[in-house]
Structures are given as structure tokens and as C-alpha cells.
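A quick write-up on the structure given underneath.
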Amino acid sequence: MNGIGSMLRQGREAAGLGQDELARMIRLSPAAVRALEDERFTELPGKVFVRGFVISWARAVGIDERHALDALERSGLDAGVREVDLPRPPEPTWITIGTGRRRPSGRRLPVGAAVFGAMVVVAAVILGIVLLSGRG
């Protein structure tokens, strides 16, 4: 094997680390460490995660990250790793406001309008205090 797996294994061994020790350092399971070294990409969660694992591994053992990622791409990562299907955010439920404008339900008053309203109230209170104290 002359790909990413052997590069990662050699880097780990050169750093004097065992598989379990490296797994703890980079917060991976020992099984994931073994899968990466053996290039069993189908046992790993997804391409973006595998790239992150390789970057963490390279940093931990002093391998150049770019070289490690290049070796990863040459090792058939695209063919072996499944893409992770992330859930899509829910579509907003639209409500109609009296003017016919639509806005997503659950939205509150815009922050700018709330700040402006608070400033008007504070100005009115200060004006009232000034006017009342002048008559006293």
C-alpha cells in the first residue's frame, strides 16, 4: 500500500504513537484510525469527515496537510466514501399580515423597530420629567 493509509501509519509510527494513543489525541475511535490506515473508506462516515480526520491526523504527527490531502484524493476517496445526507431545514410557514405582506410565522418585531420604539418612550418620559419639574 502506497497511499494515504501508509502515509498516515508512517507518520504515526515516526511520532512514536500507537493507534489507541493517536485516537485519543485526535478524538477518533480506534476503529476509525485502523480504517484510515487500511484505507477502508466505506467504514467511515463521509468524505467531509474523512478529510477532517486526515487534517487532524497530519497536524498531530507533523505531516504536511496538503500532501496528506493530495494522497487522500489519489487513494480513491470518492469511490469509497459515501456522502452524508444532511437534513434540509424546514420551509417557513407563511402568514398574511393585514397589509397583504407576507412574513414567516414565528418572526418577532424587527430589532430596529423595537429599539426605535424604546427610544421614543424614553424621550417621552424625559420630556415629561423636564416639563413637570419646570412647573414645580
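The values are calculated or read from the model by the stated rules, or taken from the named source; none is laboratory data. The structure displayed is predicted, hence computed values, not measured ones. Note that each Cβ is placed from the backbone with ideal geometry, even for glycine, and that neighbours are counted across all protein chains shown.
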(message) Can you tell me which of (1) crowded, with 18+ Cβ neighbours inside 10 Å; (2) touching a residue at least 60 places away in the same chain (Cβ under 8 Å) is the one G3 doesn't meet?
(response) (1)
(request) Return the total of residues in the range 12-37 being assigned to a helix (DSSP H, G or I), over 15 Å from L77 (Cα atoms) and in contact with a Gly (Cβ under 7 Å, 6 or more places away or on another chain). (result) 0
(message) I need every pair where a residue in the range 17-34 that is more than 16 Å from R51 (Cα to Cα) has its Cβ under 6 Å from the Cβ of a residue that is of a type in the set (D, E, K, R) and loosely packed, with under 14 Cβ neighbours inside 10 Å, sequence separation at least 6 or different chains.
(response) P30/D20
(message) Testing L72 on (1) modelled with pLDDT of 65 or more; (2) surrounded by fewer than 16 Cβ atoms within 10 Å (Cβ to Cβ), one condition comes back false. Which one is that?
(response) (2)
(message) Against the condition touching a strand residue (DSSP E or B) at 6+ places or on another chain (Cβ under 8 Å) and either surrounded by 10 or more Cβ atoms within 10 Å (Cβ to Cβ) or at pLDDT 90 or above (or both), how does R82 come out, does it pass?
(response) no
